[in-house]
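The next block holds one structure in the form of structure tokens; read it before the comments.
Readers should treat all values here as calculations from the given coordinates under stated rules, not as data from a laboratory. Quantities reported herein were computed from a predicted structural model and do not represent experimental measurements. Here the Cβ positions follow ideal geometry from the backbone for every residue, glycine too, while neighbour counts run over all protein chains shown.
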Amino acid sequence: MISLRGVSKIFDNGFTAVDKVSLEIKAGELVVLIGSSGCGKTTTMKMINRLIEPSSGQILIKGEDILKADPIELRRNIGYVIQEIGLFPHMTIAENIAVVPQLKKWSSDQIKKRIQELLELMGLDPDTTARKYPNELSGGQRQRIGVARALAVDPPIMLMDEPFGALDPISREQLQDEFLKLQATVKKTIVFVTHDMDEAIKLADRIVVLHEGRVIQCASPREILRNPANEFVRDFVGADHTLKQLSLIKVREAMQSDMITLYADESIPAAMAKFAQGYRSMFAINRQGIVKGYVNKSDINPLQDGSINQYIRTPFSTISPDKSLKEALTLMIQRDAGYIAVVDDHGTLLGVISTNSLHRLVGEPYLEAEREVREIGIL
Ligand SMILES: Nc1ncnc2c1ncn2[C@@H]1O[C@H](COP(=O)(O)OP(=O)(O)O)[C@@H](O)[C@H]1O
Ligand SMILES: [Mg+2]
């Protein structure tokens with residue numbers, strides 16, 4: 001969708017703000033440019049809508065060289081969101097949103113309908129909000145209007161320069177969450193600038209780390225956390241990179257589903273035979289696969305009659321496969337549990353999350369060939 005090929009910007013004073021940046025951004029992708037102040041994020045972004053002209057290199061949108069396009073037309077087809085200052089203070093919210101649709105000569109009915117639609121999309125009441133002026137809104141509401149205005153003519157591309165930068169941390173997180181939901185439905189191609197790594201990790205499909213006008217690393221949030229390209233990126237990511245990784249990985253991806261289980265109505269000798277493989281505990285399920293609890297080997301009297309049903313222990317901790325590993329770990333700490341059953345909405349056992357699964361994904365590679373954990377029927 002957007003290609004930057006060896007793009008540089010040398011300002012009139014001879015300063016190289018952007019130095020041979022190459023990037024391929026796919027349609028529907030959310031790419032975050034990150035780096036310290038002055039590293040060239042804004043300059044890179046402004047070259048995409050030609051608010052700044054590149055000194056050398058090429059920028060293509062859908063294969064077309066943008067330097068050959070009409071810059072005014074180009075800008076009308078690219079949504080642009082910046083910190084608060086973006087709104088015209090003397091115009092109502094409706095008028096602010098209507099700017100580009102009017103330039104595009106939409107009918108007034110069409111514009112009115114679009115304003116209504118966008119305000120609803122942003123979770124604002126159209127009737128009360130449309131007639132207000134920017135200074136009558138909160139910072140978070142103003143920022144939502146900034147996004148609504150950029151989306152007005154439904155452009156395929158959005159450029160967003162620290163759009164949530166001026167907000168307090170709570171409104172900021174709230175807007176990030178809403179923005180992610182919105183993006184899941186509108187699927188714009190987005191270039192998003194921030195200097196906040198947490199924001200980048202949360203929002204990005206891909207993160208581009210810039211330093212002194214150059215691309216230092218370009219990778220998925222997980223890859224950046226797991227394998228920072230150098231000390232600079234490592235410092236930028238911060239010391240809590242392991243915990244950050246846990247918040248990005250879903251339980252579904254990390255669970256082990258090849259565990260051995262017991263049936264609640266299984267005979268004691270059959271259960272003992274399974275335990276004999278070296279396990280200390282196993283989950284017990286009914287014949288429909290619904291988890292009933294767990295059984296500790298040490299509880300079982302092998303001479304007893306009947307099924308292992310009598311030895312099933314409850315309660316036990318469960319988690320949905322769509323939760324993050326961070327939530328799984330929190331639960332394990334809260335319940336002092338070494339493992340948690342992963343279950344679907346019906347209680348069907350899908351897998352197990354253990355401290356071992358966490359370690360396998362985010363831990364440093366082991367020196368030992370393989371660490372054997374045989375606690376919970378996980379091979
Ligand atoms: N018009 C200009 N003339 C000279 N230097 C500029 C100009 N605009 C920006 N710069 C410099 O280019 C560098 C990158 O700026 P910018 O892209 O705004 O950084 P960022 O958005 O990453 O904070 C900064 O050092 C800035 O001072
Ligand atoms: Mg900037």
Qualifying aspartates and glutamates (Cα of each under 17 Å from Cα of Lys112; at least 8 residues distant if same chain): Glu95, Glu120, Asp125, Asp127, Asp154
Could you put Phe11, Phe283 in order, starting from the residue whose Cβ has the fewest other Cβ atoms within 10 Å? Phe11, Phe283
Only Lys, Arg (+1) and Asp, Glu (-1) charged, at Cβ; the chain dipole about Cα centre in debye: 660 debye
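So what is the 222 nm mean residue ellipticity for the chain from helices alone, if each DSSP H run of at least 4 adds -39500 (n - 2.57) and you divide by all residues, rounding to the nearest 500 deg cm²/dmol?
Calculated mean residue ellipticity at 222 nm is -10000 deg cm²/dmol.
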Could you put Ser324, Ser220, Ser357, Ser37 in order, starting from the residue whose Cβ has the fewest other Cβ atoms within 10 Å? Ser37, Ser220, Ser324, Ser357
Could you sort out which of Lys188/Lys326; Lys181/Lys323; Lys202/Lys244; Lys187/Lys323 sit more than 19 Å apart by Cα distance in this structure? Lys188/Lys326; Lys187/Lys323
Per residue, the convex hull enclosing the alpha carbons of segment 253-362 has a volume in Å³ of 100 Å³
Using modelled amide H (1.01 Å from N, peptide plane; none on Pro or chain starts), what sits under 5 Å from the amide H of Tyr263, excluding residues fewer than 5 places away? Ile285
Per residue of segment 213-222, what does 6.51 cos²θ - 1.76 cosθ + 1.60 with θ = phi - 60° give for ³J(HN,Hα)? Whole Hz please, x for Gly and Pro, Karplus curve as stated. x, 10, 7, 8, 7, 9, 7, 5, x, 4
Restricting to Cα pairs below 8 Å that are 6+ residues apart, what does the relative contact order work out to for the chain? Please round to a whole percent. 16 percent
Quick one, can you get me the convex hull of the C-alpha atoms of segment 1-63 expressed as volume per residue in Å³? 79 Å³
The long-range amide H neighbours of Leu87, using H built 1.01 Å from N in the peptide plane and a cut-off of under 5 Å, are none
Based on the inverse mean of 1/r over its pairs of different Cα atoms, what is the Kirkwood hydrodynamic radius of the chain, in Å? 24.2 Å
How do 239-248, 299-308, 271-280 rank on mean C-beta neighbours within 10 Å, highest first? 239-248, 271-280, 299-308
For Val18, other-chain or 5+-apart residues with amide H closer than 5 Å (H placed, Pro excluded) are Lys9
Nearest-5 percent of antiparallel DSSP beta bridges in the chain? 60 percent
